[in-house]
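The values are calculated or read from the model by the stated rules, or taken from the named source; none is laboratory data. Predicted, not measured: the structure shown is a model, and the values here were computed from it. Here the Cβ is made from the backbone with ideal geometry for all residues, glycine too, and neighbour counts use every protein chain on show.
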Amino acid sequence: MPDLFRGIAGEYLAADAMHADYERRFAAPDGLDSWKLERRQHFRDPQFASWVAFDRGEWEQALRLMEQERTSLADLERETVARGMDLYRVRVVEEPIAPYLQWELHLLALRAEYGEKIRVIGPEVVVPLESAGALPELLTVGMETVYEFRYDETGTLSGAHRYTDHEIYARCTDFMKALYTVGEDLRSFLARRVAAVDPQGRV
């Protein structure tokens, strides 16, 4: 993997503090795009009702609850358009598609409806970059801030290392842009692949 952080540890923020810090920085009127990279194939999100229903095996209920996100996503789209910014995401998807990812890809499809620009890449793109470990989960905001997310053994977000160095920000952004360039549009991927998979991840 490219040495994105050059041995700099960053400042660790627990999950609640990280969310508050991100919201404050996102609200700053800089108009810069935000980039996100997701590598893990499973997360836990016990504070999100749709995920809880999915985790209980209640697939239809999970999808119904997901639909309730439309109002907040529409609000987010209006805000980003007003600020002249775009939200970009690169999502790594391994085969066979894990049940969690089957759920998340439906959520990402909803986000794409409201303007988020999402592309999918396969492990063939990232594995050659992972000789020293899996790619980090990254999010940029503003003019120089990068969050490297950290998770506990269950896949639940525990916090993030925050970097506010412009060179680190530029390296991480350029890295995600390069991955995005070789990715497949989410909607194309869904039409080609995910429609053939049931909620348990079976072809």
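Residues in the range 135-150 that are assigned to a strand (DSSP E or B) and of a type outside the set (A, V, I, L, M): 140, 145, 147, 148, 149, 150.
Just one of the numbered conditions (1) at pLDDT 95 or above; (2) more than 23 Å from residue 188 (Cα to Cα); (3) of a type in the set (A, V, I, L, M, F, W, C) is not true of residue 28: (1). Just one of the listed residues (104, 60, 124) is closer than 15 Å to residue 189 by Cβ and more than 17 Å from the chain's Cα centre (by Cα), and it is 124. If you check 113, 77 for being at pLDDT 95 or above and surrounded by 15 or more Cβ atoms within 10 Å (Cβ to Cβ), only one passes: 77.
Is the range 58-74 home to any residue that is among the small types (Gly, Ala, Ser) and in contact with a Leu (Cβ under 8 Å, 6 or more places away or on another chain)? No, because not a single residue in the range 58-74 is among the small types (Gly, Ala, Ser) and in contact with a Leu (Cβ under 8 Å, 6 or more places away or on another chain).
Does any residue of the range 87-100 turn out to be modelled with pLDDT under 95, under 19 Å from the mean Cα position of the chain (by Cα), surrounded by 14 or more Cβ atoms within 10 Å (Cβ to Cβ) and small (Gly, Ala, Ser)? The answer is yes, given that some residue of the range 87-100 is modelled with pLDDT under 95, under 19 Å from the mean Cα position of the chain (by Cα), surrounded by 14 or more Cβ atoms within 10 Å (Cβ to Cβ) and small (Gly, Ala, Ser). All conditions but one from (1) surrounded by fewer than 15 Cβ atoms within 10 Å (Cβ to Cβ); (2) touching an Asp or Glu at 6+ places or on another chain (Cβ under 6 Å); (3) among the hydrophobic types (A, V, I, L, M, F, W, C); (4) under 17 Å from residue 42 (Cα atoms) apply to residue 120; the one that does not is (1).
For the range 4-25, name all the residues that are at pLDDT 90 or above and among the aliphatic types (A, V, I, L, M). Those that are at pLDDT 90 or above and among the aliphatic types (A, V, I, L, M): 4, 13, 14, 15, 17, 18, 20. Scanning the range 46-92 for residues that are in contact with a Gly (Cβ under 9 Å, 6 or more places away or on another chain) and farther than 25 Å from residue 23 by Cβ yields one hit, 92.
For (1) within 14 Å of the chain's Cα centre (by Cα); (2) crowded, with 19+ Cβ neighbours inside 10 Å, each residue gets a yes or a no:
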| position | (1), (2) |
| --- | --- |
| 141 | yes, yes |
| 149 | yes, yes |
| 154 | no, no |
| 159 | no, yes |
| 166 | no, no |
| 175 | no, yes |
